[in-house]
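Written below as structure tokens is the structure these notes are about.
The values are calculated or read from the model by the stated rules, or taken from the named source; none is laboratory data. Computed from a prediction, not measured in an experiment: that's the story for all the values here. So basically every Cβ, Gly included, is an ideal-geometry build from the backbone, and we count neighbours across all protein chains shown.
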Amino acid sequence: MLLGAMSAVALQTDRQQPLDVKADSGDGTFGDGVTVLSGNVEVNQGTLHITADRASVEKLDGKVRLVTLQGAPATLEQEIEEQGLVRAEARTITYQVGDGMVNLAGEADVTHPQYHITGDALTYDLNKQHFQGAGGDVGDGRIRIRMDPEVVNEADPEEDGDGGEN
């Protein structure tokens, strides 16, 4: 199921910021290759904040290419221009740094200021705030979306010029 693109975008400066990663322990290389981090893993990039129990960070040509985070659950939060905070969680979060794509797998749950979406697998474009999702074997195997309707407030009878009389 493909969901329409939202007009909101992540803060423009987020993707230009360095990735700051913290963990209780790590094993890997400072050069190209994979570094494995475990225990209270935190990844920050501008307003993007991800937490997990374990992560692997893949570097190529001296730049972080892919971060895969696992947790019970792993969580992601990011500020959205003019709208507030998006919060996502799943058992596995894969962040493709170069193109801003995030894959959520295993009991994925996303709360956006305008909607709430759950499913087994969701793909989230940090640049466009666009989701694509699929149900899975849990529950009835369907993706679930809750959106707030636009509500038009009826005019106050005392404000329509006739003092509330018809």
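Taking region 12-60 as the region of interest, how many residues are among the β-branched types (V, I, T) and touching a helix residue (DSSP H, G or I) at 6+ places or on another chain (Cβ under 9 Å)?
1
Tell me, please, whether a residue that is of a type in the set (V, I, T), under 23 Å from D27 (Cα atoms), modelled with pLDDT of 90 or more and out of contact with any Pro (no Cβ under 6 Å at 6 or more places or on another chain) can be found in region 97-116.
no
Before we move on, is A74 small (G, A, S), crowded, with 18+ Cβ neighbours inside 10 Å and in contact with a Leu (Cβ under 8 Å, 6 or more places away or on another chain)?
So A74 fails the test.
Has region 45-59 got any residue that is surrounded by 12 or more Cβ atoms within 10 Å (Cβ to Cβ), at pLDDT 85 or above and farther than 28 Å from G133 by Cβ?
Yes, because at least one residue in region 45-59 is surrounded by 12 or more Cβ atoms within 10 Å (Cβ to Cβ), at pLDDT 85 or above and farther than 28 Å from G133 by Cβ.
Keeping to region 117-128, report how many residues are closer than 22 Å to E42 by Cβ and either among the acidic types (D, E) or at pLDDT 85 or above (or both).
Here the count works out to 1.
Taking R87 as the residue in question, decide whether it is modelled with pLDDT of 90 or more, more than 14 Å from the chain's Cα centre (by Cα), closer than 21 Å to K128 by Cα and not in a loop (DSSP other than H, G, I, E, B).
Taking the combined requirement at face value, the residue does not satisfy it.
Inside region 95-117, can you point out the residues that are more than 9 Å from the chain's Cα centre (by Cα) and surrounded by 21 or more Cβ atoms within 10 Å (Cβ to Cβ)?
Correct list: Y95, A108, I117.
Please pick out the residue among E42, E58, E77 that is without any contact (Cβ under 8 Å) to a residue 24 or more places away in the chain and outside any loop (DSSP other than H, G, I, E, B).
Just one listed residue meets the conditions, E42.
Among (1) surrounded by fewer than 15 Cβ atoms within 10 Å (Cβ to Cβ); (2) charged (D, E, K, R); (3) over 27 Å from E150 (Cβ atoms); (4) touching a Gly at 6+ places or on another chain (Cβ under 9 Å), which single condition is K128 missing?
(3)
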